[in-house]
Amino acid sequence: MVKQKNRFKATIENQNYTIISKEDPKHLKMVTDLVNDQLKEIKGMSAEIDSEQAAILLAINAVSDQLKKQKELLDLKEENETLHKKASEVTELKERIQRIEEIEQEAKKVLKDQGNSEAQIHDHLQAQQILNEKRKQSIQKKATQG
């Protein structure tokens with residue numbers, strides 16, 4: 001949905017301005033109040049600073065803050081991408097572990113069916129070898145029957 005532009009009357013440093021913006025009037029009021037507060041603070045630092053100089057210093061501070069926030073946002077996006085990548089890797093590892101556990105369970109069932117339920121499976125490679133041997137025997141059996 002497209003926001004409609006609104007007119008907002010603001011007073012900054014005793015000067016009246018009409019701000020045309022799509023932002024909410026409450027937001028523009030907060031911005032105006034903050035600008036007035038910061039201008040007052042800057043002018044309070046030195047009696048020699050006039051309104052124009054204070055406005056330029058405020059603009060420099062605002063742009064500096066904006067650049068810092070943009071860098072912070074980019075850093076957070078990069079961190080988010082890194083975390084997302086790590087989460088994907090963790091998910092992949094969990095799936096691999098689950099598959100290994102399934103292979104080991106299947107190998108234990110094969111051993112049990114062969115009457116060798118006391119045999120221990122020490123790692124997933126051994127489990128895979130048991131399953132491969134069973135498949136090999138199954139293929140050989142079909143070949144001799146066929």
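The values are calculated or read from the model by the stated rules, or taken from the named source; none is laboratory data. Everything numeric here is computed off the predicted structure, so don't read it as measured data. As a convention, Cβ positions derive from the backbone with ideal geometry for all residues, glycine included, and neighbour counts pool all protein chains shown.
Being farther than 30 Å from T32 by Cβ and free of Cβ contacts under 8 Å to residues at least 24 places away in the same chain is the requirement here; does A119 meet it? Spelling it out, A119 is indeed farther than 30 Å from T32 by Cβ and free of Cβ contacts under 8 Å to residues at least 24 places away in the same chain. Of all residues in region 32-66, those satisfying the criterion of being over 16 Å from N14 (Cβ atoms), of a type in the set (D, E) and in a helix (DSSP H, G or I) are E41, D65.
Of all the criteria given as (1) closer than 30 Å to K9 by Cβ; (2) assigned to a loop (DSSP other than H, G, I, E, B); (3) β-branched (V, I, T), the one not satisfied by I121 is (1). Considering the conditions (1) surrounded by 10 or more Cβ atoms within 10 Å (Cβ to Cβ); (2) assigned to a helix (DSSP H, G or I); (3) modelled with pLDDT under 95, T144 is excluded by exactly one of them, (1).
Looking for whichever is surrounded by 14 or more Cβ atoms within 10 Å (Cβ to Cβ) and modelled with pLDDT of 95 or more here; the options are L74, L58. Which one fits? Being surrounded by 14 or more Cβ atoms within 10 Å (Cβ to Cβ) and modelled with pLDDT of 95 or more holds for just one of L74, L58, which is L58.
With the structure loaded, tell me whether K108 is in a helix (DSSP H, G or I), over 34 Å from the mean Cα position of the chain (by Cα) and surrounded by 11 or more Cβ atoms within 10 Å (Cβ to Cβ) or whether it fails that test. Taking the combined requirement at face value, the residue satisfies it. The set of residues from region 8-22 being farther than 22 Å from E52 by Cβ and touching a helix residue (DSSP H, G or I) at 6+ places or on another chain (Cβ under 8 Å) comprises F8, S21.
Of all residues in region 80-105, those that are charged (D, E, K, R) have Cβ atoms under 8 Å from Cβ atoms of residues that are surrounded by 10 or more Cβ atoms within 10 Å (Cβ to Cβ), 6 or more apart or on another chain, in E104/I121; E104/H124; E104/A127.
Among the residues of region 1-40, which ones are in contact with a strand residue (DSSP E or B) (Cβ under 9 Å, 6 or more places away or on another chain), surrounded by 13 or more Cβ atoms within 10 Å (Cβ to Cβ) and acidic (D, E)? Within region 1-40, just E23 meets the criteria.
Here is a list of conditions, (1) closer than 30 Å to I19 by Cα; (2) free of Cβ contacts under 8 Å to residues at least 12 places away in the same chain; (3) surrounded by 10 or more Cβ atoms within 10 Å (Cβ to Cβ), and E48 meets all of them except one; can you say which number that is? If we test E48 against (1) closer than 30 Å to I19 by Cα; (2) free of Cβ contacts under 8 Å to residues at least 12 places away in the same chain; (3) surrounded by 10 or more Cβ atoms within 10 Å (Cβ to Cβ), just (3) comes out false.
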